[in-house]
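The values are calculated or read from the model by the stated rules, or taken from the named source; none is laboratory data. For clarity, every value in this text was computed on a predicted model and none was experimentally measured. Using ideal geometry, Cβ is built from the backbone for each residue, glycine included, and neighbour counts are taken over all protein chains shown. Accessible surface areas use protein heavy atoms only, side chains included; no ligands, DNA or RNA. Shrake-Rupley method; radii C 1.70, N 1.55, O 1.52, S 1.80 Å.
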Amino acid sequence: MRRLITIPISHYCEKARWALDRALLPFVEEAHVQVVHWFAVRRAGGGRTAPVLVCDDGVLPSSGAIVGYAAHRAPPDRAFEPEDPVQRAEAVRVERWLDAELGPHTRRWAYWQLRDERELARDYDLTGVPAWQRAAFPVAYAPLFAVVKRVLDVTSATAAESEHRVHTVFDAVARRLADGRPFLVGDRFSRADLSFAALASPVLLPEGFGAPLPGLDEIPAEWAEGTRVLRAHPAGAFALRMYADWR
């Protein structure tokens with residue numbers, strides 16, 4: 001059985017989880033709290049980041065590799081990689097651009113909004129993690145999130161810059177969709193659409209995410225207002241449609 005090592009609320013892990021689900025590939029998810037996941041992914045043969053997939057192809061240590069693995073094995077009626085080689089290359093290019101230009105910034109902005117939200121983190125950060133991690137979380141919360149903020153460079157200034165970068169990517173996606181095309185690449189759902197929707201999830205909080213996410217009435221007002229603005233953006237509406245129609 002395939003093993004997917006994750007941080008349950010991670011959007012990169014959601015990207016991998018969605019791809020495996022889309023391809024109807026069974027797997028067991030092994031979820032861990034942030035920082036603790038370092039030991040789990042290394043033990044599985046990865047590096048320091050989640051997700052990691054242990055499968056028949058060996059150890060796949062990134063969401064992009066896992067998406068490619070799943071895309072190559074998806075049934076024809078659930079394919080999410082273009083048949084045309086030019087479009088296939090473009091879908092991969094868009095995915096890599098989003099991995100670099102969107103994913104880090106939605107994550108940083110969300111972690112900034114989560115600062116000092118101990119109860120919110122407790123309610124939504126522990127889905128599926130081992131019992132000992134859940135039990136230790138109340139004591140470990142402060143040092144764990146101090147490490148997360150240091151490693152990801154989460155400060156007021158960097159969060160503001162990341163919010164700007166998120167809007168820049170959303171504007172670029174909206175321009176791409178402005179000609180009325182239904183998908184980012186080609187005429188059917190692809191790994192590019194999956195990647196955009198998954199990596200936008202920290203700022204959109206979509207229904208259908210592979211782990212429970214808070215509602216707007218549960219999160220800080222600044223976060224909720226930012227999410228409302230991005231949900232109303234044409235790119236945000238597109239991502240929510242991808243979740244509604246394809247997740």
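Assorted remarks:
- Per residue, the chain exposes 44 Å² of solvent-accessible protein surface, assessed with a 1.4 angstrom probe and all protein chains in place.
- Förster radius 30 Å - calculated FRET efficiency between ALA79 and VAL139 (Cβ-Cβ, nearest 0.05): 0.05
- Considering only beta bridges that DSSP places wholly inside the chain, some 55 percent are antiparallel.
- Counted over the chain with a bin width of 10 Å, the fraction of Cα pairs per bin, in whole percents, is 7, 32, 37, 20, 3, 0.
- The distance separating the Cα centre of the range 10-26 from that of the range 66-143 comes to 9 Å.
- Computed lengthening from ARG115 to GLU207, 0.36 nm per intervening residue step minus Cα-Cα distance: 30.8 nm
- Heavy-atom accessible surface of LEU230, to the nearest 10 Å², is about 10 Å², with a 1.4 Å probe and all protein chains retained.
- Sequence of PHE27, PHE39 from largest to smallest accessible area, 1.4 Å probe: PHE39, PHE27
- Max-minus-min Cα coordinates of the range 34-114 on each principal axis give 40, 31, 19 Å, with the largest extent listed first.
- Dividing the convex hull volume of the alpha carbon atoms of the range 198-244 by its residue count gives 65 Å³ per residue.
- GNM flexibility winner over the chain from GLY236, GLY128, GLY226 (Cα, springs under 10 Å): GLY226
- Were the residues from GLU101 through VAL86 laid out at 0.36 nm apart, the gain over their Cα-Cα distance would be 3.2 nm.
- Computed with every protein chain present, the accessible area of ASP77 is close to 120 Å² [probe 1.4 Å].
- Applying 1/(1 + (r/R0)^6) with r as the Cβ-Cβ distance of ALA232 and ALA146 and R0 = 45 angstrom yields a FRET efficiency of 0.85.
- A 1.4 Å probe, protein heavy atoms only, puts the accessible area of SER63 near 10 Å².
- Calculated [θ] (222 nm, deg cm²/dmol) that DSSP helices of n ≥ 4 give over the chain, each run adding -39,500 (n - 2.57): -18500 deg cm²/dmol
- With a 1.4 Å probe rolled over the protein heavy atoms of all chains, the accessible area of VAL139, VAL94 falls in the order VAL139, VAL94, largest first.
- Integer Hz, Karplus 6.51/-1.76/1.60 couplings in order for the range 28-41, x for Gly and Pro: 10, 8, 10, 8, 9, 5, 3, 6, 4, 4, 4, 5, 5, 6
- Calculated FRET value between ALA221 and TRP132, using beta carbons and R₀ = 45 Å, to 0.05: 0.85
- Hydrophobic long helices, here whole DSSP H runs in the chain with Kyte-Doolittle means of at least -1.0 and Cα atoms spread over 18 Å or more along the helix axis, are found at 85-101, 131-151, 156-177.
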